[in-house]
Amino acid sequence: MIIMERNATDEQIKRVIDEILRCGLRVDVSRGEFRTIIGLIGDEKGVSFDHLAGLPGVKEVQPVESKYKLVSREYHPDSRIIKVGDVVIGGGEPVFIAGPCAIEGREQMLKTAEEAKSAGANILRGGAFKPRSSVHSFQGLQEEGLKYLAEAGEKFNMPTITEVRGEGQVELVAQYVDILQIGARNMYNQDLLEAVAKMGKPVLLKRNFGAGIEEFLCFAEYIVAQGNKDIILCERGLVPIGKGKEYTRYMLDLSAVPVLKKETYLPVFADPSHGTGRRDLVEPMSRAAIAAGADGLMIETHCNPQEALCDSQQMIMADELKRIIDVCIKIRKIM
Ligand code: PEP
Ligand code: MN
């Protein structure tokens, strides 16, 4: 990264940017209150850092060794705060995303939204394009579902989030919701990440169930490289090893929460619903995630979980959600 002098002129900054662009790279320019930092995006092999260091207005050239430099705390020491409507993500207060696994109909969406709102949830979720292991399972209501989600969000004054499963859906989904979700299965899909990043809306990126932390951050880097730093990282569990899966659907890696907070400036969420697959474990793992430093939780809720078309066994009802939110707020205050 290139750190400019405090009093560097726009012309000097432009000269540095032009030189980097001439080498076939792209740039990420952060204009802070006191100084401008220019991050390089791309293969740096052909770049002469000595030459850049000698340009007027350049204070210093600092190599960032990490593969995910644009999302690293080294690059941006201050935590990112993301504002969506009235909701502040990463600002200290825990944020709760709640709603059904899948949007199943207008009534179900409105009722679940009303209950989630009164339980204290801040953001409304609901899947319209569901990633399913079987083609014979319920796939989601698609655009019809997006309409119900948007209606419910508006009615109860809650920003909305839904998963974008494929590139062909990006523009459609972005018309209806405030935050775009990349599911665990798509964490590695560079083309989808780039297309979603370009919508200019916050992106919630789920960690793939087999991905290491470095890989997770390297794929978040693709979003920032498109000029979008409004990323929420979400830990949602890894594939359990050995006999683990007899007890939980995935293994929620809560050590990832403080590691990610240390490595990056991005807000970190946890999803105890998919992370355990069991409604009785959602509350203890929610408490643990907030205690580990998570900025928020994504919890699947349903007005009638027994009848749900998808992930019925892990969805909770609003009374339990309220209990979780209340206790998590207390835990955060103690911390
Ligand atoms: C979801 O949140 O709806 C979902 C499918 O989660 P994941 O991508 O973590 O499996
Ligand atoms: Mn689900």
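The values are calculated or read from the model by the stated rules, or taken from the named source; none is laboratory data. Treat the numbers as computed from the prediction; the structure is a model and nothing was measured. Please note: Cβ atoms are built from the backbone with ideal geometry, for glycine as well, and neighbour counts cover all protein chains shown. Accessible surface areas use protein heavy atoms only, side chains included; no ligands, DNA or RNA. Shrake-Rupley method; radii C 1.70, N 1.55, O 1.52, S 1.80 Å.
The table for this structure:
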read-out: Ranking by accessible area, most exposed first, for R26, R125 with a 1.4 Å probe; value: R26, R125
read-out: Carbon + sulfur, % of accessible area of the range 43-123 - ligands and nucleic acids excluded, 1.4 Å; value: 47 percent
read-out: Solvent-accessible area, 1.4 Å probe, carbon plus sulfur percent, for the range 170-263; value: 51 percent
read-out: Nearest-ten-degree value, helix 318-334 long axis tilted from longest Cα axis of the chain; value: 40 degrees
read-out: Antiparallel DSSP beta bridges within the chain, as percent of all bridges there, nearest 5; value: 40 percent
read-out: Under 27 Å from the Cα of K333 - lysines, other chains or at least 8 residues apart; value: K83, K117, K206, K261, K262, K322
read-out: Antiparallel content of DSSP bridges confined to the range 34-180, in %, to 5; value: 30 percent
read-out: Within the chain: Cβ-based charge dipole about Cα centre, in debye rounded to nearest 20 (Lys, Arg +1; Asp, Glu -1); value: 500 debye
read-out: Euclidean distance of C-alpha centroids, the range 135-178 and the range 17-69, integer Å; value: 38 Å
read-out: Cα-Cα separations in the range 255-323 greater than 18 Å, expressed as whole percent; value: 38 percent
read-out: Peptides ranked, highest mean first, by Cβ atoms within 10 Å: ranges 151-164, 83-96; value: 151-164, 83-96
read-out: Translational D in µm²/s for the range 207-295 (Stokes-Einstein at 37 °C, 0.692 mPa s, Kirkwood Rh from C-alpha pairs); value: 245 µm²/s
read-out: The range 1-128, dipole about Cα centre (Lys/Arg Cβ +1, Asp/Glu Cβ -1), debye to the nearest 20; value: 100 debye
read-out: Relative contact order of the range 266-335, pairs being alpha-carbon contacts under 8 Å that are 6 or more residues apart, as %; value: 35 percent
read-out: Accessible solvent surface per residue of the range 173-273, calculated while the other protein chains remain in place, 1.4 angstrom probe, Å²; value: 35 Å²
read-out: Alpha-carbon centroid distance for the pair the range 270-326 / the range 79-106, whole angstrom; value: 14 Å
read-out: Exposure of T248 as accessible area (Å², to 10), given a probe of 1.4 Å and all protein chains; value: 40 Å²
read-out: Mean separation of Cα contacts under 8 Å (6+ apart) over length of the chain, as relative contact order %; value: 16 percent
read-out: Rounded to the nearest 10 Å², the accessible area of Y176 at probe 1.4 Å; value: 50 Å²
read-out: GNM top mover of Q142, Q314, Q62 - the chain, alpha-carbon springs below 10 Å; value: Q62
read-out: Quarter of the Cα convex hull surface for the chain, i.e. its orientation-mean projected area (nm²); value: 17.8 nm²
read-out: Accessible solvent surface per residue of the range 20-67, calculated while the other protein chains remain in place, 1.4 angstrom probe, Å²; value: 63 Å²
read-out: P(r), alpha carbons of the range 5-162 - 5 Å bins starting at zero, rounded %; value: 1, 8, 13, 12, 10, 8, 8, 10, 10, 9, 7, 3, 0
read-out: GNM flexibility winner over the chain from E300, E167, E235 (Cα, springs under 10 Å); value: E167
read-out: Hits among aspartates and glutamates - C-alpha to C-alpha of K198 under 15 Å, sequence gap 8 or more where chains match; value: D28, E167, E171, D178, E221, D230
read-out: Value of relative contact order over the range 280-319, rounded to a whole percent, pairs C-alpha under 8 Å and six or more apart; value: 34 percent
